[in-house]
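Read through the structure below, which is laid out as C-alpha coordinates, and then see the notes.
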Amino acid sequence: MQLKQVSREMKLVEKPAIPFKSNVRLSEHLTEKVVDGKTVHEFIGTDNFASAFYLRQDYEVDAGRLEEPTLYEPLYRIIEDRSLPEMVAVNRLGPAGMVFQRVLEGGETKFGTIGESNLSIPIYHYSVGIQYSDDLVEYNKLFSITEVERETGSAYNALLNHLHFAPFLTYSYASKNQTDGGALTYEAGIKLPEAYLRTFEAALTHAVADKPANRRGPFALLTSTANLFTLERAFTVVPQQGVTAQSSALSRVSTIIAYDGWSGSMGNLNFEYDGVPDGKVYLIDLGRRARNHRSYVKHGLLRVQGNPDVSRFILEQTIWHARFGVYANPADSTEEITLPTVGDLT
(Lines give C-alpha, C1' and ligand atoms only; values in the text may rest on other atoms or scores of the structure.)
Protein backbone atom coordinates (compact mmCIF):
# COMPACT_ATOMS: atom_id res chain seq x y z
CA MET A 1 0.00 0.00 0.00
CA GLN A 2 1.45 3.34 -1.03
CA LEU A 3 1.61 5.81 1.82
CA LYS A 4 -0.30 9.01 1.07
CA GLN A 5 0.72 12.27 2.70
CA VAL A 6 -1.65 15.20 3.16
CA SER A 7 -0.62 18.64 4.36
CA ARG A 8 -1.42 22.28 3.70
CA GLU A 9 1.87 22.80 1.91
CA MET A 10 1.30 19.85 -0.42
CA LYS A 11 -2.25 20.86 -1.39
CA LEU A 12 -1.87 24.65 -1.48
CA VAL A 13 -2.58 26.28 -4.84
CA GLU A 14 -2.00 29.98 -5.53
CA LYS A 15 -4.04 31.58 -8.29
CA PRO A 16 -3.42 35.08 -9.65
CA ALA A 17 -5.89 37.79 -8.72
CA ILE A 18 -8.23 39.21 -11.34
CA PRO A 19 -7.11 42.83 -11.61
CA PHE A 20 -9.41 45.76 -12.13
CA LYS A 21 -8.66 47.84 -15.19
CA SER A 22 -6.51 50.85 -14.40
CA ASN A 23 -9.25 53.33 -15.33
CA VAL A 24 -12.05 51.73 -13.25
CA ARG A 25 -13.63 53.92 -10.61
CA LEU A 26 -16.32 52.40 -8.40
CA SER A 27 -18.02 55.76 -7.96
CA GLU A 28 -18.90 55.70 -11.67
CA HIS A 29 -20.78 52.41 -11.31
CA LEU A 30 -22.43 53.00 -7.93
CA THR A 31 -24.98 55.34 -6.53
CA GLU A 32 -25.47 56.12 -2.87
CA LYS A 33 -28.85 55.95 -1.18
CA VAL A 34 -30.37 55.47 2.27
CA VAL A 35 -32.36 52.29 2.98
CA ASP A 36 -33.96 51.86 6.42
CA GLY A 37 -31.69 54.54 7.82
CA LYS A 38 -28.51 52.94 6.45
CA THR A 39 -26.33 54.25 3.66
CA VAL A 40 -25.91 51.66 0.92
CA HIS A 41 -24.58 51.61 -2.61
CA GLU A 42 -26.30 50.20 -5.66
CA PHE A 43 -24.82 49.28 -8.99
CA ILE A 44 -26.21 51.49 -11.74
CA GLY A 45 -26.26 51.41 -15.49
CA THR A 46 -27.22 48.79 -18.02
CA ASP A 47 -23.74 47.37 -18.65
CA ASN A 48 -22.44 44.07 -17.26
CA PHE A 49 -20.20 45.60 -14.58
CA ALA A 50 -22.33 44.27 -11.69
CA SER A 51 -22.44 40.68 -12.93
CA ALA A 52 -18.72 40.80 -13.72
CA PHE A 53 -18.03 42.13 -10.22
CA TYR A 54 -19.80 39.20 -8.56
CA LEU A 55 -18.23 36.69 -10.94
CA ARG A 56 -14.83 38.09 -9.97
CA GLN A 57 -15.83 37.95 -6.30
CA ASP A 58 -16.71 34.23 -6.57
CA TYR A 59 -13.33 33.59 -8.18
CA GLU A 60 -11.42 35.35 -5.40
CA VAL A 61 -13.26 33.54 -2.60
CA ASP A 62 -12.60 30.20 -4.31
CA ALA A 63 -8.94 31.17 -4.75
CA GLY A 64 -8.76 31.88 -1.02
CA ARG A 65 -10.06 28.38 -0.32
CA LEU A 66 -7.27 26.91 -2.43
CA GLU A 67 -4.75 28.78 -0.31
CA GLU A 68 -6.10 27.11 2.87
CA PRO A 69 -6.95 23.61 1.58
CA THR A 70 -9.10 21.14 3.50
CA LEU A 71 -7.26 18.09 4.86
CA TYR A 72 -9.88 16.00 6.67
CA GLU A 73 -11.48 14.17 3.73
CA PRO A 74 -9.56 10.86 4.18
CA LEU A 75 -11.06 10.50 7.67
CA TYR A 76 -14.75 11.04 6.90
CA ARG A 77 -17.64 9.68 4.95
CA ILE A 78 -19.08 12.87 3.46
CA ILE A 79 -22.85 13.05 2.85
CA GLU A 80 -24.00 15.99 0.75
CA ASP A 81 -27.77 16.32 0.57
CA ARG A 82 -29.81 19.53 0.30
CA SER A 83 -32.77 17.76 1.99
CA LEU A 84 -30.94 17.01 5.27
CA PRO A 85 -33.06 17.91 8.33
CA GLU A 86 -31.95 20.24 11.09
CA MET A 87 -31.14 17.23 13.32
CA VAL A 88 -29.70 14.09 11.71
CA ALA A 89 -30.25 10.84 13.63
CA VAL A 90 -27.27 8.48 13.60
CA ASN A 91 -28.76 5.00 13.37
CA ARG A 92 -26.78 1.80 13.82
CA LEU A 93 -27.52 -1.78 12.88
CA GLY A 94 -26.59 -3.39 16.19
CA PRO A 95 -23.12 -3.33 17.78
CA ALA A 96 -21.38 -4.93 14.79
CA GLY A 97 -23.59 -4.16 11.81
CA MET A 98 -24.90 -7.23 9.96
CA VAL A 99 -23.94 -10.91 10.47
CA PHE A 100 -24.78 -13.79 8.11
CA GLN A 101 -26.18 -16.87 9.87
CA ARG A 102 -26.77 -20.39 8.61
CA VAL A 103 -30.39 -21.18 7.81
CA LEU A 104 -31.24 -24.69 9.04
CA GLU A 105 -34.00 -26.81 7.52
CA GLY A 106 -37.29 -25.30 8.56
CA GLY A 107 -35.50 -22.22 9.85
CA GLU A 108 -35.80 -18.61 8.80
CA THR A 109 -33.65 -15.66 7.94
CA LYS A 110 -32.79 -13.31 10.78
CA PHE A 111 -33.27 -9.64 9.95
CA GLY A 112 -31.13 -6.79 11.12
CA THR A 113 -33.22 -3.81 12.17
CA ILE A 114 -32.27 -0.19 12.49
CA GLY A 115 -32.55 0.57 16.18
CA GLU A 116 -33.62 3.84 17.66
CA SER A 117 -30.70 6.20 17.91
CA ASN A 118 -29.80 8.32 20.91
CA LEU A 119 -27.40 10.28 18.72
CA SER A 120 -28.59 13.33 16.81
CA ILE A 121 -26.18 15.48 14.88
CA PRO A 122 -27.24 19.12 14.51
CA ILE A 123 -26.79 20.86 11.17
CA TYR A 124 -25.36 24.22 12.14
CA HIS A 125 -25.54 27.44 10.13
CA TYR A 126 -22.26 29.36 9.68
CA SER A 127 -21.91 32.73 8.02
CA VAL A 128 -19.73 35.79 7.54
CA GLY A 129 -20.47 39.09 5.85
CA ILE A 130 -18.33 41.32 3.67
CA GLN A 131 -19.24 44.96 4.05
CA TYR A 132 -17.93 47.52 1.60
CA SER A 133 -17.51 50.90 3.26
CA ASP A 134 -18.07 54.40 1.95
CA ASP A 135 -14.28 54.94 2.03
CA LEU A 136 -13.79 52.08 -0.41
CA VAL A 137 -15.99 53.88 -2.93
CA GLU A 138 -14.75 57.38 -2.12
CA TYR A 139 -11.04 56.51 -2.38
CA ASN A 140 -11.43 53.70 -4.93
CA LYS A 141 -9.61 51.15 -2.73
CA LEU A 142 -9.80 48.36 -5.29
CA PHE A 143 -6.63 46.70 -3.97
CA SER A 144 -8.29 45.90 -0.63
CA ILE A 145 -11.31 44.13 -2.12
CA THR A 146 -9.38 41.08 -3.29
CA GLU A 147 -7.62 40.69 0.06
CA VAL A 148 -10.87 40.54 2.02
CA GLU A 149 -12.54 38.19 -0.43
CA ARG A 150 -9.60 35.76 -0.41
CA GLU A 151 -9.49 35.80 3.37
CA THR A 152 -13.19 34.89 3.36
CA GLY A 153 -12.47 31.72 1.40
CA SER A 154 -9.47 30.83 3.55
CA ALA A 155 -11.43 31.35 6.77
CA TYR A 156 -14.21 29.02 5.57
CA ASN A 157 -11.83 26.15 4.81
CA ALA A 158 -10.01 26.78 8.10
CA LEU A 159 -13.34 26.37 9.91
CA LEU A 160 -14.03 23.11 8.05
CA ASN A 161 -10.64 21.73 9.06
CA HIS A 162 -11.09 22.82 12.66
CA LEU A 163 -14.54 21.30 13.11
CA HIS A 164 -13.52 17.98 11.55
CA PHE A 165 -10.22 17.61 13.45
CA ALA A 166 -11.32 18.99 16.84
CA PRO A 167 -13.18 15.78 17.90
CA PHE A 168 -9.89 13.86 17.77
CA LEU A 169 -7.81 16.59 19.40
CA THR A 170 -10.14 17.46 22.29
CA TYR A 171 -11.43 14.00 23.26
CA SER A 172 -10.35 12.69 26.70
CA TYR A 173 -8.90 9.29 25.82
CA ALA A 174 -9.08 6.39 28.27
CA SER A 175 -6.24 3.88 28.71
CA LYS A 176 -7.81 1.54 26.13
CA ASN A 177 -7.15 4.24 23.52
CA GLN A 178 -3.63 5.24 24.55
CA THR A 179 -0.09 4.14 23.79
CA ASP A 180 2.86 5.86 25.48
CA GLY A 181 6.02 5.47 23.41
CA GLY A 182 8.07 6.95 26.24
CA ALA A 183 7.13 4.04 28.52
CA LEU A 184 8.38 1.35 26.13
CA THR A 185 11.74 -0.39 26.49
CA TYR A 186 14.30 0.08 23.71
CA GLU A 187 17.66 -1.61 23.25
CA ALA A 188 20.82 0.45 23.41
CA GLY A 189 21.75 2.33 20.27
CA ILE A 190 18.27 2.42 18.70
CA LYS A 191 17.55 5.45 16.53
CA LEU A 192 14.50 7.66 16.91
CA PRO A 193 12.84 6.63 13.59
CA GLU A 194 12.95 2.98 14.64
CA ALA A 195 11.64 3.90 18.09
CA TYR A 196 8.71 5.58 16.34
CA LEU A 197 8.11 2.41 14.35
CA ARG A 198 8.22 0.25 17.47
CA THR A 199 5.76 2.62 19.09
CA PHE A 200 3.36 2.23 16.20
CA GLU A 201 3.67 -1.54 16.38
CA ALA A 202 2.61 -1.35 20.02
CA ALA A 203 -0.21 1.07 19.18
CA LEU A 204 -1.52 -1.16 16.37
CA THR A 205 -1.44 -4.22 18.62
CA HIS A 206 -3.31 -2.28 21.28
CA ALA A 207 -5.88 -0.96 18.81
CA VAL A 208 -6.67 -4.40 17.37
CA ALA A 209 -7.22 -5.75 20.89
CA ASP A 210 -9.92 -3.14 21.56
CA LYS A 211 -13.19 -5.11 21.56
CA PRO A 212 -15.87 -4.70 20.31
CA ALA A 213 -14.57 -1.65 18.43
CA ASN A 214 -12.47 -3.89 16.14
CA ARG A 215 -9.95 -1.22 15.17
CA ARG A 216 -8.19 -3.25 12.50
CA GLY A 217 -7.38 -0.64 9.87
CA PRO A 218 -6.33 0.53 7.45
CA PHE A 219 -5.28 3.51 9.50
CA ALA A 220 -4.49 7.18 9.07
CA LEU A 221 -2.03 9.11 11.21
CA LEU A 222 -2.96 12.63 12.31
CA THR A 223 0.18 14.52 13.30
CA SER A 224 1.88 17.91 13.24
CA THR A 225 4.57 19.03 10.86
CA ALA A 226 6.92 19.12 13.89
CA ASN A 227 6.90 15.29 13.89
CA LEU A 228 6.24 14.70 10.21
CA PHE A 229 9.82 14.31 9.00
CA THR A 230 10.77 11.68 11.58
CA LEU A 231 7.52 9.87 10.77
CA GLU A 232 8.47 9.88 7.10
CA ARG A 233 11.80 8.26 7.91
CA ALA A 234 10.13 5.71 10.17
CA PHE A 235 7.60 4.75 7.49
CA THR A 236 10.00 4.63 4.56
CA VAL A 237 10.05 1.10 3.22
CA VAL A 238 13.68 1.28 2.00
CA PRO A 239 15.95 0.05 4.83
CA GLN A 240 17.80 2.88 6.52
CA GLN A 241 20.94 3.12 8.54
CA GLY A 242 20.14 2.42 12.17
CA VAL A 243 16.85 0.59 11.42
CA THR A 244 17.52 -3.08 12.09
CA ALA A 245 14.32 -4.41 10.52
CA GLN A 246 11.27 -3.22 8.69
CA SER A 247 7.79 -4.01 9.95
CA SER A 248 4.41 -5.03 8.55
CA ALA A 249 3.07 -2.07 10.50
CA LEU A 250 4.13 -0.02 7.49
CA SER A 251 1.41 -1.53 5.32
CA ARG A 252 -1.33 -0.87 7.88
CA VAL A 253 -1.06 2.92 7.64
CA SER A 254 -2.38 4.36 4.37
CA THR A 255 -2.35 8.12 5.06
CA ILE A 256 -0.41 10.66 7.10
CA ILE A 257 -2.18 13.99 7.67
CA ALA A 258 -0.23 16.95 9.04
CA TYR A 259 -2.41 19.60 10.68
CA ASP A 260 -1.01 22.63 12.50
CA GLY A 261 -4.20 24.61 13.11
CA TRP A 262 -4.94 28.16 12.00
CA SER A 263 -5.17 31.67 13.36
CA GLY A 264 -7.08 34.67 12.06
CA SER A 265 -8.77 37.86 13.09
CA MET A 266 -11.80 39.95 12.21
CA GLY A 267 -11.96 43.45 13.58
CA ASN A 268 -10.92 43.27 17.24
CA LEU A 269 -11.63 39.52 17.51
CA ASN A 270 -8.84 36.96 17.27
CA PHE A 271 -9.49 33.31 16.44
CA GLU A 272 -7.14 30.40 17.12
CA TYR A 273 -7.75 26.83 15.96
CA ASP A 274 -5.38 24.42 17.69
CA GLY A 275 -3.43 21.91 15.63
CA VAL A 276 -1.95 18.57 16.68
CA PRO A 277 0.41 19.19 19.60
CA ASP A 278 4.09 18.31 19.25
CA GLY A 279 4.76 14.78 20.49
CA LYS A 280 1.25 13.47 19.89
CA VAL A 281 -0.05 11.39 16.99
CA TYR A 282 -3.54 10.01 16.49
CA LEU A 283 -3.88 6.57 14.91
CA ILE A 284 -7.35 6.63 13.32
CA ASP A 285 -9.12 3.54 12.00
CA LEU A 286 -10.50 4.06 8.49
CA GLY A 287 -11.98 0.57 8.21
CA ARG A 288 -15.22 1.75 9.79
CA ARG A 289 -15.08 5.32 8.62
CA ALA A 290 -18.70 5.25 7.42
CA ARG A 291 -19.78 4.18 10.89
CA ASN A 292 -17.57 6.35 13.08
CA HIS A 293 -16.89 9.57 11.13
CA ARG A 294 -19.53 11.36 9.12
CA SER A 295 -19.67 14.82 7.64
CA TYR A 296 -23.18 16.03 6.78
CA VAL A 297 -23.32 18.89 4.28
CA LYS A 298 -26.72 20.44 3.67
CA HIS A 299 -25.12 23.03 1.43
CA GLY A 300 -21.63 24.37 0.97
CA LEU A 301 -20.56 27.97 0.74
CA LEU A 302 -23.22 30.17 -0.88
CA ARG A 303 -23.30 33.89 -1.61
CA VAL A 304 -26.35 35.96 -0.70
CA GLN A 305 -26.88 39.61 -1.65
CA GLY A 306 -28.75 41.97 0.60
CA ASN A 307 -31.23 43.13 -2.04
CA PRO A 308 -33.90 40.59 -3.08
CA ASP A 309 -34.56 42.55 -6.27
CA VAL A 310 -32.31 40.85 -8.83
CA SER A 311 -32.58 43.83 -11.18
CA ARG A 312 -30.67 45.99 -8.70
CA PHE A 313 -27.43 45.14 -6.89
CA ILE A 314 -26.81 46.58 -3.43
CA LEU A 315 -23.09 46.48 -2.74
CA GLU A 316 -23.20 47.41 0.93
CA GLN A 317 -23.19 43.81 2.17
CA THR A 318 -22.47 40.36 0.83
CA ILE A 319 -23.10 37.33 3.05
CA TRP A 320 -21.44 33.95 2.62
CA HIS A 321 -22.99 31.06 4.50
CA ALA A 322 -23.03 27.25 4.76
CA ARG A 323 -24.92 24.55 6.67
CA PHE A 324 -23.23 21.36 7.82
CA GLY A 325 -22.69 19.08 10.80
CA VAL A 326 -19.91 16.74 11.93
CA TYR A 327 -20.06 13.42 13.78
CA ALA A 328 -16.97 11.59 15.04
CA ASN A 329 -16.55 8.70 17.49
CA PRO A 330 -12.88 8.68 18.59
CA ALA A 331 -13.59 6.17 21.39
CA ASP A 332 -14.23 3.47 18.79
CA SER A 333 -11.74 4.60 16.14
CA THR A 334 -8.69 6.33 17.57
CA GLU A 335 -5.49 5.57 19.48
CA GLU A 336 -3.75 8.54 21.08
CA ILE A 337 0.01 8.01 20.80
CA THR A 338 2.65 9.79 22.83
CA LEU A 339 5.82 9.69 20.77
CA PRO A 340 9.17 8.74 22.30
CA THR A 341 11.88 11.35 22.47
CA VAL A 342 15.67 11.11 22.27
CA GLY A 343 15.72 11.20 26.08
CA ASP A 344 13.66 8.00 26.21
CA LEU A 345 16.36 6.15 24.23
CA THR A 346 19.34 6.95 26.44
For residues that are buried (at least 17 other Cβ atoms within 10 Å of the Cβ) and part of a helix (DSSP H, G or I), tally how many sit in region 171-200. 11
Picking from 72, 54, 76, the residue that is of a type outside the set (Lys, Arg), at pLDDT below 85 and surrounded by 15 or more Cβ atoms within 10 Å (Cβ to Cβ) would be 54
From 343, 325, residue being in a strand (DSSP E or B), of a type in the set (Gly, Ala, Ser) and either at pLDDT 90 or above or over 24 Å from residue 172 (Cβ atoms) (or both): 325
On the given criteria, is residue 149 of a type outside the set (Lys, Arg) and buried (at least 17 other Cβ atoms within 10 Å of the Cβ)? yes
Does region 11-20 contain any residue that is at pLDDT below 85, surrounded by fewer than 11 Cβ atoms within 10 Å (Cβ to Cβ) and at positive phi? no
Contact list, first residue from region 263-292 and under 19 Å from residue 160 (Cα atoms) and assigned to a helix (DSSP H, G or I), second anywhere and among the polar types (S, T, N, Q) and at pLDDT 90 or above, beta-carbon distance below 7 Å, six or more apart or interchain, is 292/329; 292/333
Among the numbered criteria (1) within 22 Å of residue 73 (Cβ to Cβ); (2) of a type outside the set (A, V, I, L, M, F, W, C); (3) touching a Phe, Trp or Tyr at 6+ places or on another chain (Cβ under 7 Å), which one does residue 255 miss? (3)
Could you please find all residues in region 217-233 being in a strand (DSSP E or B) and either surrounded by fewer than 16 Cβ atoms within 10 Å (Cβ to Cβ) or of a type in the set (Phe, Trp, Tyr) (or both)? 219
Please work out if residue 282 is at pLDDT 95 or above, over 29 Å from residue 149 (Cα atoms) and not β-branched (Val, Ile, Thr). yes
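The values are calculated or read from the model by the stated rules, or taken from the named source; none is laboratory data. What you are looking at is a predicted structure, and each value in this text was computed from that prediction instead of being measured. All Cβ positions, glycine included, derive from the backbone under ideal geometry; neighbour counts span all protein chains shown.
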